[in-house]
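Chemist: First the structure, then my questions, so here it is.
The values are calculated or read from the model by the stated rules, or taken from the named source; none is laboratory data. Just so we're clear, the structure is a prediction, and the values are computed from it rather than from any experiment. All Cβ positions, even for glycine, are placed from backbone atoms using ideal geometry, and neighbour counts span all protein chains on display. To get the accessible areas, we keep the full protein, side chains included, count just its heavy atoms, and leave off ligands, DNA and RNA. Shrake-Rupley method; radii C 1.70, N 1.55, O 1.52, S 1.80 Å.
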Amino acid sequence: MNIQHNDQTIEFHVEYAKRKKIYVQLDPNGLVTVKAPNGMPEEQIQAAVALQGDWILQTLAKQEKAREAPKPKEYREGGEGEFLHLGRRCRLDELIPTEGRTEEQLRADLKKFYFSSCKKIVNERIGPYAKQLKAEPKSIEIIESVSKWGSCDSRKRLNFNYLLAMAPTYAIDYVIVHELCHIHHMNHDRSFWRKLGSVLPDYKERELYLNRYGNFMVM
């Protein structure tokens with residue numbers, strides 16, 4: 001979802017839940033999330049974001065100015081440094097044991113952790129979407145890729161990049177549904193996007209996270 005404010009576009013993701021008040025959150029990566037009560041009209045949500053539009057734009061501008069190329073990761077005993085997992089910034093020792101491990105061992109262990117985490121979350125979340133789309137994959141594999149978050153071949157075999165474990169679940173869901181839709185439409189024609197939108201009407205917002213923060217999702 002988005003609004004125009006002071007001739008600028010503010011993109012934001014909406015999370016509905018059983019709550020009484022609306023809450024606008026801006027994370028350190030510049031992702032705007034609106035936590036809204038179930039059933040709240042879209043116009044009311046947009047109005048709430050507009051009320052904080054100046055603050056959002058000012059904060060985004062500061063973050064953009066401060067943003068730089070991802071810093072080298074710190075793999076060392078003690079777990080210092082930040083590593084993404086499901087959209088959350090974590091210390092290394094929150095994800096894997098670090099005591100008595102060399103840098104090489106920590107890198108290898110963290111990679112195994114992300115592979116395992118990605119496999120778990122994809123397997124947990126793909127079923128309902130596959131049923132909804134009536135798309136049955138031949139196989140599902142977690143792979144290492146430098147260019148794609150996911151892929152689907154003509155034999156209905158789905159591959160998912162293990163680094164997806166760094167993304168929030170709503171972005172992972174986008175990749176899952178995207179590849180399931182390729183079982184029906186191998187190219188990105190109008191029918192493909194129509195089918196994707198029928199399941200995830202806000203797919204552009206979900207895709208935005210990967211486009212904006214993908215360069216931070218590295219080992």
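Chemist: Take peptides 34-40, 99-105 and line them up by average Cβ neighbours within 10 Å, highest first, as a rough protection proxy.
Modeler: The most tightly packed comes first, giving 34-40, 99-105.
Chemist: At 1.4 Å probe size, with every protein chain present, just tell me what the per residue accessible area of segment 1-40 comes to in Å².
Modeler: Accessible area per residue, segment 1-40: 60 Å².
Chemist: Same structure, new question: Once neighbouring chains are kept in place and the probe is 1.4 Å, which whole percent of the accessible area of the chain is contributed by carbon and sulfur?
Modeler: The C+S portion of the solvent-accessible surface of the chain is 48 percent.
Chemist: Can you tally the net charge around ASN187? Count Lys and Arg as +1, Asp and Glu as -1, for every other residue whose Cβ sits under 14 Å from the Cβ of ASN187.
Modeler: Once positives and negatives cancel, what remains is 0.
Chemist: Are there any GluC sites (Glu not before Pro) in segment 156-218 that are in a DSSP loop and have at most 16 other Cβ atoms within 10 Å? List them by number.
Modeler: The qualifying sites: there are none.
Chemist: For segment 164-219, calculate the relative contact order in percent as a whole number, restricting contacts to Cα pairs under 8 Å that are 6 or more residues apart.
Modeler: 44 percent
Chemist: Rounded to whole Hz and in sequence order, give me ³J(HN,Hα) for segment 15-26 from the Karplus expression 6.51 cos²θ - 1.76 cosθ + 1.60, θ = phi - 60°, writing x for Gly and Pro.
Modeler: 10, 8, 7, 7, 8, 9, 10, 8, 9, 9, 10, 10
Chemist: Calculate the length of the line joining the C-alpha centroid of segment 83-97 to that of segment 104-121, in whole Å.
Modeler: Going from one Cα centre to the other spans 11 Å.
Chemist: In Å², and per residue, what accessible area does segment 71-219 have when probed at 1.4 Å with the other protein chains present?
Modeler: About 55 Å² of surface per residue is accessible.
Chemist: Under 17 Å between alpha carbons, and skipping anything fewer than 8 positions from LYS62 in its own chain: which aspartates and glutamates qualify?
Modeler: By straight Cα distance, LYS62 reaches GLU11, ASP27, ASP54.
Chemist: As a test of the formula, what do you get for the chain when each DSSP H run with n ≥ 4 contributes -39,500 (n - 2.57) and the sum is divided by the residue count, at 222 nm and rounded to the nearest 500 deg cm²/dmol?
Modeler: -13500 deg cm²/dmol
Chemist: Step through the table entries LYS156/LYS204; LYS120/LYS156; LYS111/LYS148; LYS18/LYS112; LYS138/LYS204, compare each Cα-Cα distance with 29 Å, and write down the pairs that go over it.
Modeler: Correct reply: LYS18/LYS112.
Chemist: Count the DSSP beta bridges whose two residues both fall in segment 75-219, then state the antiparallel fraction as a percent rounded to the nearest 5.
Modeler: 60 percent
Chemist: Follow-up. How about segment 109-210: which trypsin sites (Lys or Arg not before Pro) there lie in a loop by DSSP and see at most 11 other Cβ atoms within 10 Å?
Modeler: Loop-located and lightly packed - LYS134, LYS138, ARG155.
Chemist: Mind pulling up the Rg/Rh value for segment 32-168? Radius of gyration and Kirkwood radius, both on Cα.
Modeler: In segment 32-168, Rg relative to Rh is 1.06.
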